[in-house]
Structure formats: structure tokens, C-alpha cells
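S.K.: Next up is a structure, given as C-alpha cells.
FYI, it's all coordinate maths here, none of it is from the lab. No experiment lies behind these values; they were computed from the predicted model shown. Note: ideal-geometry Cβ built from the backbone for every residue, glycine included; neighbour counts use all protein chains shown.
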Amino acid sequence: MSSEGTPASGGHDSPADGVASRPSKETNSVELSTTDSPAEDNYDERVHERVLEFTEKYPELAETPVCETHGRKLRRIVTEADWRDTYVEAEDPMENGFYVTELEKRRAATWADALSAFLTSHVDYKGLLARFANDDGDEFELPLTDAWGETYSRKQYARALALQRQMGGGERPSGGEAVAAWGSPATAMLTFTASSVPNGERLPPVEHTDALHDAFSYDGVRDTLRNTMEYHLGLDADEWGYWLQAEPHGMGGDGSGMNACYSHLHVGVYFDAADLDLEAVGPEFERVIDKHVAECEYASFSAHDYRNTDYLNDSDGCISLNAGVENMGSYLAAYMGGYTEELLDKPVEYLAWGAIYWSAARRRTSRSKIVTEAIKADACEQRAESSESNQTDAHGEAVVWNDGRGPDVVCACCNSGWAIDQERLDEPVPDDDLAGALADGGEPDASRSERSLAERWPSAKAAVSVGESPTKTRIRKRVETELKYSDETPSVASMLGRNMIDPKHAEFVESVMNGEDNSEPESFRRASLSSEWRLEAIIDRDGEEHLPGGGGVDMAPLKLPLQRVLQETRLQHDLQKGEMWRCTECNFGIYNKHQMARHLVEGHGLDRPESADHVLHVEDYFDKDRECMRHPAREDE
């Protein structure tokens, strides 16, 4: 038995502490910043200014909780916890009861508070340095950055331009000329959105974002896109790829848009159109849009109406095509690279949108395997052409076999299989097959066995070999078996002949016959290991050093009893004419589901959906007996 004490309310995290719009392309005309932002001496003041700007421009959004889904994990810093002391009676009457402190509720912070935490986290990186050291006493320092600063934005923009070069050719920053991998590269832009006010009710931004991205996941829009490209258009897997990028609505607008600050998705599709008629390609993407409307709970066809759209000439709809990468590729590069100025200088809509992804620890971009391979290949070429790099081999000049996912034959320098002939190497013989071949009398390459372990394993930094090779183990077993059943010890030549052992192993056979074991361990450790770099310390703006932590994002699941009862009982369904909610505990009746949920949770302490559903009754004046409204006890009959 237990009885509850007075709840300890507050935004603290531990008991000890006590805390349908039309898809838009607002960023079509964005001009990327090319100058560095002016230095900011007082970052805290700047953060306060931007949060105040958000609350003044979007007062309704500022007070909206970022999430209201029970169990959804958010960064702990954007949650507020309530704790309560509960008295637990001892089972043994001779023992005393005791109090325990337990989590009563964990709710999400408001959008404005989440924005403040997001920007504060970003500026906390300002002036931070990471010091690396090795065993030789060498040290160097690097500035620390997060995934929302200028450095990251410029890197994303550079990746998008690298992709354009690999698809359609062009000069690399390092001076070399990229050869177009495809004969007739083309691009398409697909835009997916969803309403932030379905049925007229404001949706928390994390729920809205989750619905968009989850609809694109496996068994959703992504699979439909793959089927369209490979089955309906007949392309091979290495003849197309995509880059998904989330973007905010209402960038730089007047704040009147219902979806302002909420997210929408752009999917840039790159493909080889050498054997395709682009006039016929556009309609094929319609099934991808239809899949999004079907899978995304808050999407509507009215916001994705592709009818009467000229896909090759209109760029305002949810489908647009470009017969080449020269124009569309640069446009996608600007899109995918985003704004490259300092985060605190970006439009307030971007900041509010960024707070959503940061709070939920959700990725705002994803790329298909082939796109990632192309970007890695371009970087590999630039390293080979740079005088500051120690890489001399161009991409694909040296190749190795890849046992993991992706292409079989990959570049030895960057592990990308982009533009590499997959027939250059034969698949290695599996170890099991090799062992079987040796057991059947096969012999390994003599030149290989004469090489040292370090020579046989050039890619390893360190290794050790203990025991004998499979061939010597097989020979040892044959010799020992022969000796076991022989009345007299045979000569070495006789032993070789009886067991059909190659005479080159005569010395080893003799050592076995004499009871010797020469299988000494062999090992090596390359000198480079002794000078490997490790993170030594984090240095803050004041020059104080701190030991590096374990890293990782501290996430905490929301505990929302009211929302859970609304989502997991019959209250999730809408009433029809002649129906009303009634509490069988006290005969309280009402038509509003939210008030009934509050009555059950706060009035009777029924915070478990099973208990709340048990006392919930649906009065049915017209005896419709709808299945979704039947009492759980009737479902069990």
C-alpha cells in the first residue's frame, strides 16, 4: 500500500534539485553569406535578443510545448520534471514504512525555452579548444564546433557542390577536373509538407517533425521512390541517388503563415537520364507524392496538388525537373548547404526550426549510399591533388575488396566505390572454403607462408599470431596418428610417403617426430601506434582545462499521464451524435474528451490507461454499439 505526499512541483530534474499549407520554396532566392560574422563579445545578450524576437513575432508558438507525446525522448535540458514523495508501508508489521521519491510527471519545455537552451548550447562552444597529444610529447589544439555553426554549414555546401561535380563534371577547388560519371545527369526536386494546425488545433513542433520524417522512412516514401527509379524508370541502383534536407517554413516572412517555423522536406533526386524522356519522368514522381500524403498523418493532397503542373518549367510545385546539373545542381547545392552565416545571424524562423531538431536530437539531412560515395570520392581526389596531404594515389588508383555493405571493390584511400569498375577484383575465397581446400590436400602459396605477419597484413596497426598454420596442424595430426599406431618409429622419408606429405615439409615432420613444438607466437606493432593522437583536454574561454567527458546526448522520455490517457483509451476516438463520456466512479458526464481525461487523471488518480478505460463509460442514446467505443471488458468476452 502507498499514500502520496504533497507533490514537489517545478522545472527540476532530480529530487535533490527540487527542475494544410502549400509546399513553399522560400529559400529559392537565398544568397549565401560570404563574409564572416562580426565578433560577439556578449553572447548571452545576443541569445536573449533572438529569443525575445521570437516571442514577439510568434507569441502563440513561443508558448507551445515542443512535444506532448508520452514516452517521446527529448534532451533532458528541455524537459521539466515534477517529483513526489510516496509513503510505502512495510510488508513486515515489525518494520517501519518509508518514503520514496518518484517521478510524477515530465513535460516538455515551451518552444521559447527550447530555443533559449538551443542557442545557449551553441554559444557555449565559442572559444572552446580541444587539445590532442601523443606519446612523443607532441600537442596541437583545434577549435570545437557543433553541427549548427558556420563551419558545418560550409562543409554541407561544399559537399553539395562536390556531388554536382561528380555527377556532371567540373573543376575541383584543388585544380583537377572531375569527369562526369553519368552520360546525361538530371535532377528533380520533391517537396513534402504537412499542416501544423490539423483540424484547427496547433500541433507541437516535434510531433509535426516526426510525422514528416517517419513517413519517409522504410516501408514509406523512400521505398516508393526507390521503386519508381529502379522499377518504373528502369535505372540501376548506381544510376540514381537522393539527398533529403529539412528546411523551415516562412523564412524572413511577416509571421502570418500558419506553418511558419515548422519543417518541410526537400528531396533532391539525381539520376542518369541518358535513356529517359524527361517529359515522361515527371508523372512517375506523382506516386511518390501520393505515398507521402497517404503515410503522413498531417499531409493533404491540397498542399501537394501536382495537377496542371509543367514539371520542366514550373519550380513552385511539389515536383520540379531539370535536364542537367548546371542550373538545378547549383540550386540544390544552395538548398542543401543552407545558410552559411553564423547561427545567431540567421532568420528567427531558422532558429526556432533548429530548436526543434536540436531538442529532439533528430537529423535534419540524410543521403542515399550512392550520394555519400560520390562525395567521398571527390574529397579523395582533392586530397591526392593537394600539396598539404600525404595521399598520392588518386581515387580508385588502388583498390581493395569490401566485405561490408555497399560496393564490393572500393578505393583503398577513401573506401568509396564511386566510379570504380567492380570487375577489377575477384571475390576472395572465404576462410571456411580455404580451410576445406587445405583439408582436401591443397597447399597455400609458399611465398605467402614465407612472409612475415606484418608483410601478410599490411593494413593492420598491430597483430599477433599464436599457434600453427592450418597446413602444419593437419600435418602434425597425420604424423602423430601414424606414430601412435606404429610398432617402430619410421624414417622421415617413410612418414612423408605414407601420408602423402610434400617433401618441403620434411624438416617440420622430423621436429614433430622428435616431439618438438616450434610454433612460436609472432607479433608486430607498427611505430605509428606509439604516436597516435588522443584527446587530452577541453580548454574553455578562460583558459581553464577540463577532462574530456564520455560524450553522447542526455535524453529523457516524457511522462505525460494526461496525454497518455487521451492517446491510449477510448478517448482517442471522437464522439458521434447521441454519445457522451461518463465516469462510473462518480457519475460525472461530459462531451469534451480533454476534460474527461483531466477528470480521470487528476480527480481519481487514474494515470494508467487500463485503469482509466475501465471506469470510462460511453452513453449510447441511439444504441449504435460502435466497436471502438465498447468497454474493454466486453472485448475480452
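S.K.: Can you find, among V618, H631, L606, the residue sitting farthest towards the positive end of the charge dipole of the stretch 597-637, where Lys and Arg contribute +1 and Asp and Glu -1 at Cβ?
M.R.: Projecting each Cα onto the dipole axis, the largest value belongs to L606.
S.K.: Now for a separate question. Suppose every Lys and Arg Cβ carries +1 and every Asp and Glu Cβ carries -1, with no other charges. What dipole size does the stretch 561-635 come out with about its Cα centre, to the nearest 20 debye?
M.R.: It comes to approximately 140 debye.
S.K.: I need the shape label for the stretch 127-188. Rule: rounded when a/c is under 1.5, else prolate if a/b > b/c, else oblate, with a, b, c from the alpha carbon gyration tensor.
M.R.: prolate
S.K.: Something else about it: Could you list which residues have their amide H under 5 Å from that of V409, counting only those 5 or more apart in sequence or on another chain, with H placed in the peptide plane?
M.R.: N402
S.K.: Using alpha carbon centroids, what distance separates the stretch 379-412 and the stretch 581-637, in Å?
M.R.: Centre-to-centre (Cα) distance: 64 Å.
S.K.: Quickly work out the D219-to-D502 label distance, labels modelled 7 Å from Cα along the C-beta direction, and quote it in nm with one decimal.
M.R.: Label-label distance for D502 and D219, simple model: 5.4 nm.
S.K.: Next question, about the same structure. Among the listed pairs K155/K346; K155/K376; K346/K376; K73/K155; K126/K155, give every one whose C-alpha distance is greater than 20 Å.
M.R.: Too far apart for the 20 Å limit: K346/K376; K73/K155.
S.K.: Continuing with this model, one more query. Between S452 and R541, what's the calculated FRET efficiency when r is the beta-carbon distance and R0 is 56 Å? Round to 0.05.
M.R.: Efficiency for this residue pair is about 0.65.
S.K.: How would L278, L190 line up from fewest to most surrounding beta-carbon atoms within 10 angstrom?
M.R.: Taking fewest neighbouring Cβ atoms as first place, the list is L278, L190.
S.K.: Could I ask something else about it? How long is the stretch 561-635 along each principal axis, judged by its Cα atoms, biggest number first, in Å?
M.R.: Between the extreme Cα coordinates on each principal axis of the stretch 561-635 lie 31, 23, 19 Å.
S.K.: While we're on this one: Spelling out what I want: for every residue of the stretch 394-404, take phi, set θ = phi - 60°, compute 6.51 cos²θ - 1.76 cosθ + 1.60 (Karplus), and round to whole Hz; glycine and proline get x.
M.R.: Ordered by residue, 3J(HN,Hα) equals 6, 4, x, 5, 10, 10, 9, 7, 9, 8, x Hz.
S.K.: Taking other Cβ within 10 Å of each residue's Cβ, how do M500, M94 sort, fewest first?
M.R.: By the 10 Å Cβ count, ascending: M94, M500.
S.K.: With r as the distance between the Cβ atoms of A394 and S121 and R0 = 25 Å, compute the FRET efficiency 1/(1 + (r/R0)^6) and round to 0.05.
M.R.: After rounding, the FRET efficiency stands at 0.05.
S.K.: While we're here: Give K477/K504; K593/K624; K57/K559 a once-over and call out the pairs whose C-alpha atoms are over 21 Å from each other.
M.R.: In this structure, K57/K559 exceed 21 Å between Cα atoms.
S.K.: Can I ask one more? Starting from the Cα gyration tensor of the stretch 150-370, take the square roots of the eigenvalues, sort them a ≥ b ≥ c, and report rounded, prolate or oblate (rounded when a/c is under 1.5, otherwise prolate if a/b is larger than b/c, else oblate).
M.R.: oblate
S.K.: Are there trypsin sites (Lys or Arg not before Pro) in the stretch 176-259 that DSSP marks as loop and that have at most 16 other Cβ atoms within 10 Å, and which are they?
M.R.: R202
S.K.: Still on this structure: I'd like the Karplus ³J(HN,Hα) series for the stretch 619-631: coefficients 6.51, -1.76, 1.60, θ = phi - 60°, whole numbers in Hz, and an x wherever there's a Gly or Pro.
M.R.: Listing the rounded values in order: 6, 10, 4, 9, 6, 6, 6, 5, 4, 5, 9, 6, 5 Hz.
S.K.: Here's something else I'd like to know. Quick one: Karplus J couplings for the stretch 492-497, per residue in order, coefficients 6.51, -1.76, 1.60, θ = phi - 60°, nearest Hz, x for Gly and Pro?
M.R.: 5, 4, 5, 5, 5, x
S.K.: Extension gain R424-E89, at 0.36 nm per residue separation less the Cα-Cα distance, in nm?
M.R.: 113.2 nm
S.K.: State the extension gain, in nm to one decimal, for the chain segment bounded by R202 and E468, taking 0.36 nm per residue of separation less the distance between their alpha-carbons.
M.R.: 88.7 nm
S.K.: Taking other Cβ within 10 Å of each residue's Cβ, how do F508, F285, F271 sort, fewest first?
M.R.: Least crowded to most crowded, the residues run F508, F271, F285.
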